[in-house]
Amino acid sequence: MEMDPTVMKDAVTRLKRAHGQLGGVIAMIENGEDCERVITQLAAASRALDRAGFKIISTGMRQCQQARERGEQPPLDEEQLEKLFMTLS
């Protein structure tokens, strides 16, 4: 299934945020910062990645539903969507 960059803007924003957070976590570890602060930042990056993934899945589900409503074959069937969703859990 192809992704429309304009529809994926929110997911891209979240991924860019996670990218920055991961860079910060790496720098914190390299600088010997406090473990608690490192884990807090790592958890924030992890949540940003999860949310980006869920946004992509929900957009795919929406696109498949819209294709069905138009009488078209959706790009992914329900089993494929479920497998993708479960990959994130």
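The values are calculated or read from the model by the stated rules, or taken from the named source; none is laboratory data. Predicted, not measured: the structure shown is a model, and the values here were computed from it. Here the Cβ positions follow ideal geometry from the backbone for every residue, glycine too, while neighbour counts run over all protein chains shown. Just so you know, the surface numbers come from the protein's heavy atoms only, side chains and all, with ligands and any DNA or RNA stripped out. Shrake-Rupley method; radii C 1.70, N 1.55, O 1.52, S 1.80 Å.
General remarks:
- Whole-percent carbon and sulfur share, accessible surface of the chain, 1.4 Å: 55 percent
- Distance in nm between pseudo-label sites at residue 16 and residue 76 (7 Å out along the Cβ direction from Cα): 2.4 nm
- Residue 39-residue 83 pseudo-label distance in nm [points 7 Å out on the Cα-to-Cβ vector]: 3.6 nm
- Length gained when the stretch residue 6-residue 67 is fully extended (0.36 nm per residue, less Cα-Cα span): 20.1 nm
- On a per residue basis, the chain carries 74 Å² of accessible surface, using protein heavy atoms and a 1.4 Å probe.
- Net charge of Cβ neighbours under 14 Å - reference residue 25; Lys, Arg +1; Asp, Glu -1: -1
- Distance histogram in 10 Å bins (all Cα pairs of the chain, percent per bin): 16, 36, 26, 15, 6, 1
- Considering only 47, 62, 70, the mean-square fluctuation computed in a Gaussian network model of the chain, springs between alpha carbons under 10 angstrom, is largest for 70.
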